[in-house]
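**Student:** Take this structure, written in structure tokens, and hold onto it; I'll ask about it next.
Every number here is computed from the coordinates shown, using simple stated rules; none is lab data. Please read these numbers as outputs of a predicted model, since none were measured by experiment. Here the Cβ positions follow ideal geometry from the backbone for every residue, glycine too, while neighbour counts run over all protein chains shown.
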Amino acid sequence: MFHPAMQTIEFPDGTTRVRIDAAALDPEDFVVRSTLDGGFFIFPRASKHRWTDAELPFRSLVLFPDGTVRSSGFPKFRNYGEQADEGQALSAAFGRGEVTLADKRDGSLIIIDMEEDELRVRSRGMMSLSDQNDFRRGVENTLDAYPFLRRLRRDDGARREVLEALSKWSLLYEYTSPSNRIILAYERAELHLLGMVNKHTLEVVVHGPQLAAASVLTGVPLVATEEHSTSELTIYLRDIAARISTEGVVAAWMDEHGRTRLTKMKSREYLALHALRMNLEGRMAPLLYVLDSRPETWRDQLMHLGVDVETLTMLETEAKDYFAKLLPVELQIVDLVAWVTPLTTQDRKTAVARIREELVTRGLSPDPWFHAAMLLFRPTNERDNLRRQVIGPLLFQKGAREMLSLELDPTIRQLLPPHLRPAETTGDQADERLPTQTNAPATQGVLPAVTAADATTLPQAQSVSTRVRR
């Protein structure tokens, strides 16, 4: 369960603590920033979307210079269904009645660490709130609305009174506010205590007497929890999916190693609202077409472009519909290549006549199939455009150039990385650059196909959401 970068060290006072070698983390997956005091701030790169269990603690960590933990957010936790074996383990724990369920509030994680000289406050993606402007002011005003927290922030004596009880814990709160809206709207600014992480062991606590004591000491209420009346997780999931005006719940359970695991289960309404926020609903088919996606690669490709799991879950039906329509076209393309390829060695005039006859026999229209067939007479690099020559007209009633230029949806333009983004053209300029498909085969200027291997190198696109979770 431990990552190679982690080791357990025994200290002279008899305690044991986790020590992390930041240099041992894969730089392609994690960012390691140096802090002013010689420590480190660790967080994942935006392109990281696959996590091993051993990597989960590295979601948001601040280290002392010696590698011990100064501050920790929650470990990375997944959506239900994101990983099959985790879903099976959760289902088994649910059936045994060993799952705690808490309200999933739609806000920003705030991490508080009690130190002798200060109450350190940060968000998941930052080492401090010092450079977050309006967000910082909103959080600080909300902290001061809780008398105990206000006293702990300003009174050294008050901090010393609770230091022994809380100093080894990172306290994790959800901050919701009308000014910090993600998807759901809240009437007032509030904090709720979600859990704690032991900085010596990285143990996660999300219920029980220790968390209740921390709630009393800081004066911040615990997040609401709920009971369930069924031992069947599938039944409970249907209940969660049907709820309105809520994000969902977080299930806490113990894995086979005795460590607390957290899994998100979200309502259908929330997923729909989230998808609309990403502006991709109804636009999946042209996006998958532009990326030349396959059923086994589309999720990875879109994650590398910055689309999150929640949005992919909601839009999965659109993707499946697209691939269901694409499959018979793909099979026809394979068949076309099989019977046209032998003709490419014949006299061109004879081959063209045979192709026209065969298309009539097979009931295939000349546009796009004749133009596609003729690509097989061209150099190999031009044949790569054959799929685009066919798919655009058949699935979208548009030529390949139309799909990849003027009529490509602006939202999809913004999501695509620069090297896949078509040039902007208007008016006469567009007519000059884009002859119709019947006049000339659309081979020049068509965007290159993106393979599964290429997807791992796509640059991160700027998010189209208006607010990002901190």
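**Student:** Checking the cross-link filter: which lysines have an alpha carbon closer than 19 Å to that of residue 168, excluding same-chain neighbours under 8 positions apart?
**Tutor:** Counting by Cα, and skipping residues close in sequence, residue 168 has these lysines nearby: 199.
**Student:** Something else now. Measuring from a point 7 Å past the Cα of residue 66 along Cα-to-C-beta, which residues in segment 163-198 have an amide N at less than 18 Å?
**Tutor:** Residues 167-169 fall inside that zone.
**Student:** At 10 °C and a viscosity of 1.306 mPa s, what translational diffusion coefficient does Stokes-Einstein give for segment 1-72, taking Rh as the Kirkwood radius over Cα pairs? Give it in µm²/s as a whole number.
**Tutor:** Using the Kirkwood radius from Cα pairs, D works out to 125 µm²/s.
**Student:** Please give me the summed charge of the neighbours of residue 85: other residues whose Cβ is under 12 Å from its Cβ, Lys and Arg +1, Asp and Glu -1.
**Tutor:** Once positives and negatives cancel, what remains is -3.
**Student:** Report, as a whole number in µm² per second, the diffusion coefficient that Stokes-Einstein gives for segment 177-329 at 10 °C and 1.306 mPa s using the Kirkwood radius over alpha carbon pairs.
**Tutor:** Here the translational diffusion coefficient equals 85 µm²/s.
**Student:** Mind giving me the FRET efficiency for residue 154 and residue 294? R0 is 45 Å, r the Cβ-Cβ distance, nearest 0.05 is fine.
**Tutor:** 0.20
**Student:** If you don't mind, there's one more thing I want to ask. What lysines does residue 266 reach when the alpha-carbon gap must be under 25 Å and sequence neighbours fewer than 8 apart in one chain are set aside?
**Tutor:** 48, 76, 104, 320
**Student:** Would you mind getting me the FRET efficiency between residue 225 and residue 2? Use the beta-carbon distance for r and R0 = 30 Å, nearest 0.05.
**Tutor:** 0.50
**Student:** With the alpha-carbon atoms as the only input, what is the per residue convex hull volume for segment 75-270 in Å³?
**Tutor:** Taking the convex hull of the Cα positions in segment 75-270, it is 124 Å³ per residue.
**Student:** Which distance in nm do the two modelled labels at residue 344 and residue 47 give, with both placed 7 Å along the Cα-to-Cβ direction?
**Tutor:** Once both label points are built, they end up 3.3 nm from each other.
**Student:** For residue 397 and residue 268 in the same chain, what is the full-extension length gain: residue separation times 0.36 nm, less their Cα-Cα distance, in nm?
**Tutor:** 43.3 nm
**Student:** In nm, to one decimal, how far is the residue 362 label point from the residue 179 one, both placed 7 Å along Cα→Cβ?
**Tutor:** Between residue 362 and residue 179, the label points sit 6.4 nm apart.
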